[in-house]
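What follows is a single structure, written as structure tokens, with notes after it.
The values are calculated or read from the model by the stated rules, or taken from the named source; none is laboratory data. Since the structure is predicted, the reported quantities are computational estimates derived from the model, not experimental observations. Cβ sites come from the backbone with ideal geometry, for glycine too, and all protein chains shown count toward neighbours.
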Amino acid sequence: MPPSTALIDRYGRKIDYIRLSITDRCDFRCSYCMAEDMQFLPRDEILTLEECARLVRVFVGLGVVKVRITGGEPLVRKDAITLFRDIGRLPGLRELVLTTNGSQLARWAHALRAAGVSRINISLDSLNADTFRRITRVGDLDKVLQGIAAARAAGFDALRLNTVLMRGINDHEAEDLVQFAIDHDMDIAFIEEMPLGEVDHARDTTCVSNDETMARLQQKYALVSSTESTGGPARYWRIPATRTKIGFISPHSHNFCESCNRVRITCKGELYLCLGQEDKVDLMPLLRGHPDEDAPLRDAILHAMQIKPQGHDFDLRRTQPAVVRFMSMTGG
């Protein structure tokens with residue numbers, strides 16, 4: 001890739017991974033992710049699936065090799081499977097992956113596999129139906145477990161659980177969730193709660209550091225440090241005699257910004273250069289103002305690399321969140 005068209009930010013980091021949200025809507029209302037009474041965007045303010053596919057094609061042409069489709073919950077978007085098929089055919093793309101809450105997987109797992117999705121991350125914060133409902137407000141644990149089973153039956157052997165532990169709510173389930181991952185030949189990643197959007201609890205009291213989680217797990221499992229990576233921020237540890245890796249995504253306790261290789265695009269076409277900052281470029285006007293010409297879009301993306309911040313600025317002691325937008329607005 002010629003240097004003039006590669007995505008290199010001002011700190012010398014190569015950007016080869018994008019996370020594209022295709023909807024801000026979700027069939028759950030997870031308490032750490034969104035408000036209970038969310039106001040979602042009208043249809044004409046979100047990218048069409050054709051615009052999403054075009055964006056991905058341009059990014060892949062600029063050297064992006066990994067695309068993660070997110071939401072909200074991406075599988076509630078009507079006809080979303082057509083987008084997966086279009087992206088899955090792009091030459092130069094090495095990995096098409098999905099983050100989901102699992103509620104729709106029983107229906108779509110086989111089609112996703114056929115479309116070229118190689119890995120799926122599934123949010124699962126509790127194995128107790130009542131606790132699961134408390135966290136998600138409306139979620140049905142059985143539907144998620146059925147979705148996990150469907151994904152395994154469809155041939156996905158690269159499944160990872162994503163878990164946010166909250167003190168006094170589900171932090172006592174860390175060992176049970178790891179054992180579930182082991183029993184089902186899955187990986188699991190623990191993600192420290194992030195200060196995005198106004199929520200109904202004080203994050204400095206609910207956030208569980210991954211150092212604390214690791215210390216707890218080491219009392220039961222002999223964790224072996226691993227250099228393996230899936231291209232994201234997780235740092236992995238192996239559990240001997242199993243196929244399971246435990247990942248820790250630690251924006252507070254172990255900042256990972258120095259190796260950041262990704263940017264995020266919202267369903268409105270906003271290119272966010274950092275999850276924890278407000279720096280962005282609005283790509284929708286370029287998509288719609290130049291429907292047959294990619295050069296203005298490509299130039300805007302290249303120039304955006306020069307405003308990518310060095311890192312986020314998360315501080316749980318603040319009375320206000322780091323950014324006012326919810327996690328679901330940027331893409332989970």
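Just so you know, in the range 255-276 the residues that are out of contact with any strand residue (DSSP E or B) (no Cβ under 7 Å at 6 or more places or on another chain) and not acidic (Asp, Glu) include one that is modelled with the highest pLDDT, and it is Lys268. Checking each residue in the range 279-302 for being at pLDDT below 95 and closer than 18 Å to Val60 by Cα picks out no residue at all. Among the residues of the range 246-304, those identified as of a type in the set (A, V, I, L, M, F, W, C) and out of contact with any Gly (no Cβ under 9 Å at 6 or more places or on another chain) are Ile246, Phe248, Val263, Leu271, Leu273, Val281, Ala295, Leu297, Ala300, Ile301, Leu302, Ala304.
In the set Pro74, Pro91, which member is free of Cβ contacts under 8 Å to residues at least 60 places away in the same chain, buried (at least 18 other Cβ atoms within 10 Å of the Cβ) and closer than 29 Å to Gly155 by Cα?
Pro74
Scanning the range 276-309 for residues that are part of a loop (DSSP other than H, G, I, E, B), under 21 Å from the mean Cα position of the chain (by Cα) and of a type outside the set (Lys, Arg) yields a total of 6. Looking across the range 107-128, the residues that are surrounded by fewer than 18 Cβ atoms within 10 Å (Cβ to Cβ) and on the phi < 0 side of the Ramachandran plot come down to Arg107, His110, Ala111, Arg113, Ala114, Ser118, Leu127, Asn128. Selection of the range 22-32 for residues being within 17 Å of Ile69 (Cα to Cα) and within 15 Å of the chain's Cα centre (by Cα) yields Ile22, Thr23, Asp24, Arg25, Cys26.
Under the condition of being touching a residue at least 60 places away in the same chain (Cβ under 8 Å), part of a loop (DSSP other than H, G, I, E, B) and surrounded by fewer than 21 Cβ atoms within 10 Å (Cβ to Cβ), the residues counted in the range 3-29 number 7. For the residues Tyr11, Tyr32, the requirement of being at pLDDT below 95, among the hydroxyl-bearing types (Ser, Thr, Tyr) and in contact with a strand residue (DSSP E or B) (Cβ under 8 Å, 6 or more places away or on another chain) singles out Tyr32.
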